[in-house]
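Laboratory data are not the source of any read-out in this text; all were calculated from the coordinates shown. This one's a predicted model, so the numbers in the text were calculated from it and none came from an experiment. Note: ideal-geometry Cβ built from the backbone for every residue, glycine included; neighbour counts use all protein chains shown.
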Amino acid sequence: MKFKFLVNTAAQIKKLLGIDLIPVNAEGNATAFTDEQLSKIKGVLGDDFAESVVKGFNKELKDMSMSDHTLKAMKDEMDALLAQENMTAEELDALANGKGDDGNALTATMLALLDQNKQYKEKIDKLMMEPEGDTPAAIVKNAHKNMAHSATHLFASGHTYDAIENRPWNARVVKGGIKATDFNNNPTSIPLLQGDVEHFVRQNPDVIDSLFNDTDALPAEWDYITNVQDRISSAVVIAAEVVQGRSKGWAPKNDFHFDTETGQVYRKKIDITFDGYELQELENTWIGAIKKMDGSHPWKMSFVGFLLFELTKQQRADDRIAQINGIFSVNPITDKPGRAVNSQNGLRYLWYFYRDVKKKYKPYVLGQLTEANIVDKVEELIVSMPEEQRKDQGLEIQISDKWMKAYNRKAADGLVRTFITDQGQSLYAENYPVDRPNFKFQVLKDQTMTDFIGITYSKNVRVLEYKPEEKIKFTFTFDKRNMNIFADYRLGIQFKFVGTKTKAGDPKQFEKQMLWSNEAPVFSTEVSVPVFDNKTGVLSITYPTMTIDADWVTDITDVDTDSNFVPGQIIRITGNSSLPGLKNLKDNAVFDLAGNADYPLNTGGTITLFVNEDKTFKEITRTTTAPVAAPTDVKFTTTSIDASTGSIFRWDGTASTTALAGIINGVEGQTIKIYGKTAGVAFTLADIAGVVDVASNATLDASTEFVQLTKVDGIWRETNRSIA
């Protein structure tokens with residue numbers, strides 16, 4: 001069976017399996033891989049990608065089979081008509097040669113059917129003879145060699161946005177040698193681009209999916225809903241026991257618990273300004289890219305398609321990261337750009353919020369993760385779940401890439417090893433824990449610097465949007481010499497159900513949860529969110545580690561007790577040395593500060609506070625300067641220096657005189673400095689053949705004295721010195 005649309009994929013699979021043909025079932029409408037072959041494919045491609053490949057093969061086979069069935073049905077119908085007329089062999093031959101009896105009413109029909117059959121056969125034969133590859137409608141091959149333009153349109157497409165008239169960027173491609181468009185002095189260009197973008201999106205309704213699926217996206221297993229204008233609630237009803245033994249009289253036994261989880265979409269915006277020079281650079285990049293677009297979608301060949309792709313490329317990455325790592329903190333009244341990661345609350349924040357603030361589920365105390373225990377710890381976390389739930393289908397383990405790799409290495413020990421030829425090592429190749437095929441490892445590439453592991457149902461995670469098309473509905477305006485591009489849209493994520501907070505006397509059945517995790521911090525200690533001055537002096541806490549915004553102008557005297565913090569938490573507030581003046585965190589009944597001393601917010605230091613049971617704060621520590629990087633100077637006591645360990649080397653020996661005997665490692669062009677220690681403990685340098693070349697012998701007997709060496713042509717040569 002020859003594949004036309006998946007020819008390259010088929011070739012790779014055949015090579016992987018060592019077979020000449022893709023196995024097909026008797027009906028010719030689906031693949032017939034053996035279990036061993038499927039296992040081998042999954043071992044290399046992974047379960048999800050392997051499944052996609054097989055589905056692709058099956059779809060193409062089904063389409064080809066339907067075409068064959070259509071042709072057969074036409075032939076059967078024609079044979080039936082011929083049989084109905086009881087035509088002889090001579091009559092059939094005459095009919096085939098166009099000599100049938102004019103009086104025969106069926107002659108014209110037969111001739112038409114025969115002609116149609118001939119056309120079908122010629123078309124099928126032609127298709128079968130074509131080289132295997134993607135269809136021209138889907139893929140542009142050798143674009144720079146085969147581009148054909150009409151007198152009026154780029155690529156002879158006929159689309160408005162590809163018109164040559166009044167569009168210098170398109171004219172450059174067709175005519176060549178024309179200078180870049182002068183967007184600054186061509187005021188009609190911007191309105192044309194605006195209209196072209198709108199027409200392009202209407203003409204290519206699937207472009208949104210293509211644009212937003214071209215880069216890594218969120219997991220396909222997660223739920224997804226649109227038309228969320230602001231918030232959405234998921235209601236859950238949990239019932240206690242209702243059945244009892246039959247007895248006389250009425251004895252109602254029903255107890256219900258109702259719970260809801262609310263998700264919200266966050267309003268986001270894109271503001272971009274291009275000056276004329278930057279637009280010209282984009283235009284030049286597009287024209288250069290056309291020559292490299294073999295195998296690309298046709299819509300990317302048009303300037304507006306290219307422009308949309310470039311505008312959304314970073315947007316897609318920003319949104320994916322925010323959906324995972326986001327902590328919402330926005331100053332609504334500033335004209336300064338904010339960070340994408342602070343445009344919404346993401347999935348990791350929800351884990352933190354429901355576990356550490358709302359306490360709607362109880363984490364399992366798993367202890368420290370190590371390379372040696374990671375497999376056992378994942379199993380221990382699974383076993384901590386209720387038995388009836390850990391046997392369910394559709395569960396996923398959200399884990400960082402670091403710990404996923406550690407798991408694969410450790411799980412390979414003692415198992416049948418799958419040799420990964422491109423990595424040269426043995427790895428556990430399944431995407432589920434050992435002996436737990438109903439779980440799936442959901443590696444979140446943006447979940448970094450954390451030992452946190454969470455378990456939930458894939459469909460319990462829901463991505464929220466208002467209108468997907470908003471993300472690509474850009475508006476173009478022209479202001480002086482700049483083109484402004486902007487768009488507004490809404491995006492969010494939620495857990496549909498988390499767990500129930502029970503109170504004394506509640507039935508055991510009310511203790512329900514759909515989130516399970518270990519106790520490790522969700523975020524690393526390096527994560528901090530900006531806080532903005534609302535001019536009231538009241539601090540609102542979203543996350544326990546925060547940094548004062550540079551525009552803060554008010555003393556902090558109180559805290560919003562309804563904001564997201566709880567007794568027992570550690571709160572860290574880092575000041576900002578860019579503040580326009582001195583402002584303080586005030587010592588008062590809310591903030592019990594050491595020595596009753598206010599804390600200045602105009603430093604780069606940090607004050608650490610403990611949250612009391614009544615939601616007041618007690619100071620633990622404070623600093624008034626920004627932390628400095630730990631010194632990277634390398635102290636050495638031997639006669640040889642390893643240049644790969646640093647750039648500043650300080651002698652720390654005890655002998656009265658020690659001479660440099662050699663320098664190992666280091667790269668061409670690298671510079672190092674060697675410092676002395678103190679009088680009476682000298683370190684000396686002299687020429688070492690083929691290794692060190694100094695201007696003259698040097699004796700370093702003070703901590704401020706040094707000789708600087710740079711590796712040139714394989715020899716460490718003196719380039720500076722400071723000796724008293």
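Structural remarks
- Distance in nm between pseudo-label sites at E613 and V7 (7 Å out along the Cβ direction from Cα): 7.7 nm
- Look at V54, V498 and count the other Cβ atoms within 10 Å of each Cβ; fewest to most, that gives V54, V498.
- Furthest towards positive pole of dipole, L539, V559, T606, structure part the stretch 529-622, Cβ charges: T606
- Here the extension length gained between V553 and K635 equals 25.0 nm, from 0.36 nm per residue of separation less the Cα-Cα distance.
- Between K586 and T226, the contour length at 0.36 nm per residue exceeds the alpha carbon distance by 125.0 nm.
- Sorted peptide list for 588-601, 159-172, criterion being average Cβ within 10 angstrom, highest first: 159-172, 588-601
- The stretch 321-407: relative contact order in percent, alpha carbon pairs under 8 Å with at least 6 residues between: 21 percent
- Beta bridges per DSSP with both ends in the stretch 529-622, % antiparallel, nearest 5: 50 percent
- Cross-link pairs exceeding 20 Å between alpha carbons, from the set K269/K473; K59/K445; K440/K467; K313/K445; K360/K405: K59/K445; K440/K467; K360/K405.
- Remark: spin-label model distance A659-Q393 equals 7.9 nm, labels positioned 7 Å along the Cα→Cβ axis.
- The simple spin-label model puts a point 7 Å past each Cα toward its Cβ; for S703 and E380 those points are separated by 4.5 nm.
- Amide hydrogen proximity for V559: with H placed 1.01 Å from N in the peptide plane, the residues at 5 or more positions away or on another chain lying under 5 Å are L539.
- Rounded to the nearest 5, the antiparallel percentage of DSSP beta bridges internal to the stretch 634-722 is 55%.
- Computed from the C-beta positions of T710 and S52, the FRET efficiency with R₀ = 41 Å rounds to 0.15.
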